[in-house]
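Shown next, in structure tokens, is the structure this report addresses.
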Amino acid sequence: MKNTKELRTWLDDMNLDHPLVVAGPCSAETEAQVLNIAHQLKDSDVNYFRAGIWKPRTRPGNFEGVGALGLKWLQKVKSETGLKTATEVANANHVKLALEHDIDLLWIGARSTVSPFIVQEIADALNGTDKIVLVKNPVNPDLALWLGGIERLYTANIKNLGVIHRGFSTYEKTRYRNNPEWQIPIELQNRFPDLPLICDPSHIAGRRDIIFDICQTALDLNYDGLMVETHFDPDNAWSDAKQQITPPFLIQMMEDLKIRKATDTEAAYKNALNTMRTQIDVIDHQIIEMLGKRMKVSDKIGALKKSKNVAILQVKRWNEILEKMILEGKENNLSQAFISNLFKGIHQESINHQEKIINS
Ligand code: PEP
Ligand code: MN
């Protein structure tokens, strides 16, 4: 992708004084449900009304969407409220129907981005469209696959492009439904600073109570917008009930979020600094998490040593670790003195953990 500046023309042309907001239910359920939510959102910051019509579900037997009928409801949303519309497309037929119904923004879901065949089929069906097309990250943490999806659309002459960060699947249970792995979109931003980047806190969180914080982190990282699942009766939603918020909650959240605008050089400086500081915070958080994991393994080693009555300190092993880390440190531009101090600290903490176990 060469001229990435043109990719954000659609967004710049909107001249927004707030982040782009895409909101609406996970799924279109009934005409009345869709219209109720849209009317509650029509005088807010919301720019695009979303609703899933064809729903990719992890397991069969769940609600799989109302299908093409829902496109008519989205048209009604537009004519009654003036809100532009957005839906997910996952094959050439979806694209054909969505274009016929003049849906303004189409997104490719996380389960589709993983498949180059599907993305290519969608790209071919959309070839040359001036609709906005957003690519969600693939479910697995693979930046190359995500970029591949964007490139397929770009090559199909689709120039109103952007990406949606919705987090990544993990086998391990975390506090998130989909782990944000913020370093991946940060890397994408560094490589393609002009590509509009939108955060979907709903699928990252999987629960209502941390949506606000995820939005704030995204804005602190200079994201261009938010896609938030919004339902008038979240608890009774037919899909993703736990993570949807109500229209009044969304409206209040948009007021409470700290939104930074780069209006002058001073603000631009603060903006850049704030973005980098948030990047540092994300990395520091990961360092602490990794250290916590390392100590848990140490605890297990302690228990094993205890069962065999073996001494905690194994000098040979410790020297090997230190040597190896000093070499890896060099490759990452980190001084020998720093690595040596860092690992002495880690090693000491590890010994303390094992001692506690052995003496318990
Ligand atoms: C959705 O937006 O409702 C959806 C299915 O998202 P994802 O593709 O991120 O799972
Ligand atoms: Mn959903």
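FYI, it's all coordinate maths here, none of it is from the lab. Predicted model only: the values in this text are computed from it and were never measured. Note that each Cβ is placed from the backbone with ideal geometry, even for glycine, and that neighbours are counted across all protein chains shown.
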Query raised in the report: What is the percent of Cα-Cα separations in segment 102-178 that go past 21 Å?
Result: 25 percent
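Kindly flag which residue pairs out of K55/K296; K293/K316; K2/K270 have an alpha-carbon separation exceeding 31 Å in this structure. Numbers along the way, then the final one.
Details: K55/K296 39 Å; K293/K316 23 Å; K2/K270 29 Å.
Beyond 31 Å: K55/K296.
In segment 1-93, what trypsin sites (Lys or Arg not before Pro) fall in a loop by DSSP, with at most 11 other Cβ atoms inside 10 Å? Let's see the in-between values first.
Numbers: sites: K2, K5, R8, K42, R50, R57, K72, K76, K78, K84; in loops: K2, K42, R57.
Filter output for segment 1-93: K2.
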Query raised in the report: Picking from N319, N179, N190, which is most flexible by a Gaussian network model of the chain using Cα springs under 10 Å?
Result: N319
Query raised in the report: Let a ≥ b ≥ c be the square roots of the eigenvalues of the Cα gyration tensor of segment 175-302; is it rounded (a/c under 1.5), or, if not, prolate (a/b larger than b/c) or oblate?
Result: oblate
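Stokes-Einstein D for the chain at 25 °C, 0.890 mPa s, Kirkwood Rh over Cα pairs, in µm²/s? Walk me through the numbers on the way to the answer.
Working: Rh = 22.6 Å.
D, rounded to a whole number, is 109 µm²/s.
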Query raised in the report: Percentage of Cα-Cα pair distances in segment 1-153 greater than 27 Å, rounded to whole percent?
Result: 22 percent
**Report entry** Point-to-point label distance, H18-I346, nm (Cα→Cβ direction, 7 Å offset)
**Finding:** 4.4 nm
Report summary line: One finds, for K5 and F338 with R0 = 56 angstrom and r their Cβ-Cβ distance, a FRET efficiency to the nearest 0.05 of 0.90
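Would you please give the FRET efficiency between A241 and N179, computed as 1/(1 + (r/R0)^6) with r the Cβ-Cβ distance and R0 = 25 Å, to the nearest 0.05? List each step's numbers first, then the result.
Numbers: r = 21 Å, r/R0 = 0.84.
Calculated transfer efficiency: 0.75.
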Query - Built amide H within the under 5 Å cut-off of K84, gap 5+ - result: F49
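Working from the alpha-carbon coordinates of segment 268-360, get Rg over Rh, Rh being the Kirkwood radius.
Working: Rg = 17.2 Å, Rh = 15.4 Å.
Result for segment 268-360 is an Rg/Rh of 1.12.
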Query - Nonlocal amide H pairs with I132, under 5 Å, H built at 1.01 Å - result: L106
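When DSSP beta bridges are limited to those with both residues in the chain, what percentage is antiparallel, rounded to the nearest 5? Present the calculation step by step, with values, prior to reporting the outcome.
Details: 1 of 29 bridges.
About 5 percent, rounded to the nearest 5.
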Report task. Mind checking the full-extension length gain between A272 and K324? Use 0.36 nm per residue of separation minus the Cα-Cα distance, one decimal, nm. Result -> 15.2 nm
Query - Added length on full extension, which subtracts the Cα-Cα distance from 0.36 nm per residue, R207 to I287 - result: 26.3 nm
**Report entry** Ranked list, fewest to most other Cβ atoms within 10 Å of each Cβ, for I259, I288
**Finding:** I288, I259
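Which of the chymotrypsin sites (Phe, Trp or Tyr not before Pro) found in segment 40-115 are in a DSSP loop and have at most 16 neighbouring Cβ atoms, other than their own, within 10 Å?
Working: sites: Y48, F49, W54, F63, W73, W107; in loops: W54, F63.
Hits after loop and neighbour filter: F63.
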Report task. Specify the inter-centroid distance of segment 135-202 and segment 88-105, based on alpha-carbon positions, in whole Å. Result -> 21 Å
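What percent do you get for the relative contact order of the chain when only Cα pairs under 8 Å and 6+ apart count? List each step's numbers first, then the result.
Details: 578 pairs, mean separation 50.4, N = 360.
Dividing the mean separation by the residue count of the chain yields 14 percent.
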Requested in this report: Using label points projected 7 Å from each Cα along Cα→Cβ, tell me how many nm separate N359 and V297, to one decimal.
Outcome: 2.6 nm
Query raised in the report: GNM on the chain, C-alpha springs below 10 Å: top fluctuator among T30, T217, T87?
Result: T30
